[in-house]
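Working notes for the structure below.
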Amino acid sequence: VAACGNSDTGDAGNDGKIVLGFSQVGAESGWRTANTTSIKESAAAAGIELKFDDAQQKQENQIKAIRNFIQQKVDVIAFSPVVESGWDTVLKEAKDADIPVILTDRSVDSADKSLYKTFIGSDFVKEGRLAGEWLVEQKKGASGPVNIVELQGTTGSAPANDRKKGFAEATAANPNLKIIASQSGDFTRAGGKQVMEQFLKANPKIDVLFAHNDDMGLGALEAITAAGKVPGKDITIITIDAVKDGMQALADGKFNFIAECSPLLGPQLMDLAKKAHDGEQVAPRIETEETTFTQDQAKAALPNRKY
Ligand code: GZL
């Protein structure tokens with residue numbers, strides 16, 4: 001029987017299905033788990049054959065996975081780059097193999113924008129700015145210094161760099177707001193707890209915690225209560241993501257504000273993969289829709305949260 005399917009499908013494609021190679025950062029947080037679920041479910045729903053690799057938060061594993069996808073002649077490659085830098089070589093290899101690349105969730109700092117078709121993800125600077133603006137509003141009446149500690153995301157990652165930038169720009173509006181300590185907790189609960197323990201030991205007066213994701217904030221809760229302080233009251237806690245566990249902490253009054261970062265990129269990614277495969281033009285930048293939550297808004301939203 002002659003092979004069926006159109007002639008430009010890569011060797012890896014069977015019965016004409018588009019084959020998408022996806023390199024995922026890892027499984028470090030509730031956000032990542034929800035993002036992986038969205039991608040896997042959307043690929044199945046779209047009839048796209050997904051080759052999925054978990055890089056365990058290591059760039060060298062992502063580069064290896066992308067090279068494997070090139071070897072397998074997949075039709076499209078997509079990935080969430082764990083850090084911003086160091087991608088040009090492997091992206092040029094994909095371009096030379098004529099395989100379109102889509103960036104999801106996080107971007108890269110490559111100067112050559114022709115190395116990828118599009119980047120679909122949040123505006124992390126905006127998320128940091130919204131978090132900072134909320135705090136400025138809350139503390140506008142402060143007469144003395146407001147000491148802030150910051151749990152940064154993975155060192156070198158776009159969300160960590162940009163959230164830090166946005167928050168610092170917004171809080172500069174009030175010189176009373178002082179970031180007295182800032183360190184990476186690598187987006188994990190364990191990292192958040194460990195670094196918050198150090199912050200509490202080194203700084204007798206902490207008024208605010210800004211954590212770049214819910215998971216580090218949830219880890220920090222354990223350290224804060226172990227230090228005999230009441231989270232959400234003694235220490236105001238602001239996080240980013242709005243995954244279910246974070247929204248529950250917000251509704252319970254342990255967190256005070258969350259800027260949402262949607263992990264549900266799967267459906268749009270599959271549409272983009274089909275367009276890229278068919279050689280259709282796609283917008284170079286697609287920004288995800290998201291909002292913010294106060295404690296009351298979290299109570300109202302929780303029953304309908306998908307992740
Ligand atoms: C943001 C994403 C971040 C989340 C973290 O789009 O890259 O990585 O904020 C996740 O929870 O680990």
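List of remarks:
- Of residues in the range 275-300 being more than 21 Å from the chain's Cα centre (by Cα) and part of a helix (DSSP H, G or I), the one surrounded by the most Cβ atoms within 10 Å (Cβ to Cβ): ALA276
- Count - residues of the range 258-297 that are within 24 Å of TRP134 (Cβ to Cβ) and touching a strand residue (DSSP E or B) at 6+ places or on another chain (Cβ under 7 Å): 10
- Of all the listed residues (GLU289, GLU222), the sole one being modelled with pLDDT of 95 or more and at negative phi is GLU222.
- Among the residues of the range 72-91, some residue qualifies, meaning at least one is in contact with a Pro (Cβ under 7 Å, 6 or more places away or on another chain) and of a type in the set (Phe, Trp, Tyr).
- When LEU209, LEU177 are checked against the criterion of being among the aliphatic types (A, V, I, L, M), away from the ligand (no atom under 16 Å from the Cβ) and touching a strand residue (DSSP E or B) at 6+ places or on another chain (Cβ under 6 Å), a single residue qualifies: LEU177.
- Only one of the numbered conditions (1) at pLDDT below 95; (2) closer than 30 Å to ALA249 by Cβ is not met by GLN281, and that is (2).
- Of all residues in the range 223-251, those being assigned to a loop (DSSP other than H, G, I, E, B) and either closer than 18 Å to LYS299 by Cβ or touching a residue at least 40 places away in the same chain (Cβ under 8 Å) (or both) number 4.
- Scanning the range 259-274 for residues that are within 16 Å of the ligand (Cβ to nearest atom) and either open to solvent by less than 30 Å² (accessible area, probe 1.4 Å) or without any contact (Cβ under 8 Å) to a residue 60 or more places away in the chain (or both) turns up ALA259, GLU260, CYS261, SER262, PRO263, LEU265, GLY266, LEU269.
- Residue within the range 179-186 that is assigned to a loop (DSSP other than H, G, I, E, B), in contact with a helix residue (DSSP H, G or I) (Cβ under 6 Å, 6 or more places away or on another chain) and surrounded by 15 or more Cβ atoms within 10 Å (Cβ to Cβ) present: yes
- Note on the range 12-109: enclosed strands (runs of 3 or more DSSP E) holding 1 or more residues that are crowded, with 23+ Cβ neighbours inside 10 Å are 19-24, 76-79, 101-104.
- Condition met for ALA227 (within 16 Å of the ligand (Cβ to nearest atom) and either open to solvent by less than 70 Å² (accessible area, probe 1.4 Å) or under 30 Å from LEU103 (Cβ atoms) (or both)): no
- Residues located in the range 132-162, provided they are in a helix (DSSP H, G or I), touching a residue at least 60 places away in the same chain (Cβ under 8 Å), open to solvent by less than 10 Å² (accessible area, probe 1.4 Å) and within 12 Å of the ligand (Cβ to nearest atom): ALA158, PRO159
- Identity of the residue in the range 110-129, over 16 Å from the mean Cα position of the chain (by Cα) and in a helix (DSSP H, G or I), that ends up farthest from the ligand (Cβ to nearest atom): SER114
- Residue check, ALA190 within 16 Å of the ligand (Cβ to nearest atom), part of a strand (DSSP E or B) and among the aliphatic types (A, V, I, L, M): no
- Scanning the range 200-218 for residues that are surrounded by 24 or more Cβ atoms within 10 Å (Cβ to Cβ) and not in a loop (DSSP other than H, G, I, E, B) gives LEU209, PHE210, ALA211, ASP214, ASP215, MET216, GLY217, LEU218.
- One residue alone among ASP207, ASP241, ASP214 is charged (D, E, K, R) and farther than 22 Å from LYS178 by Cα, and that residue is ASP241.
- Selection within the range 241-258 - under 27 Å from GLY144 (Cβ atoms) and within 13 Å of the ligand (Cβ to nearest atom): ILE258
The values are calculated or read from the model by the stated rules, or taken from the named source; none is laboratory data. A quick note: this is a predicted structure, and the numbers were derived from the prediction, not measured. As a convention, Cβ positions derive from the backbone with ideal geometry for all residues, glycine included, and neighbour counts pool all protein chains shown. Surface accessibility is based on the protein's heavy atoms, side chains included, excluding ligands, DNA and RNA. Shrake-Rupley method; radii C 1.70, N 1.55, O 1.52, S 1.80 Å.
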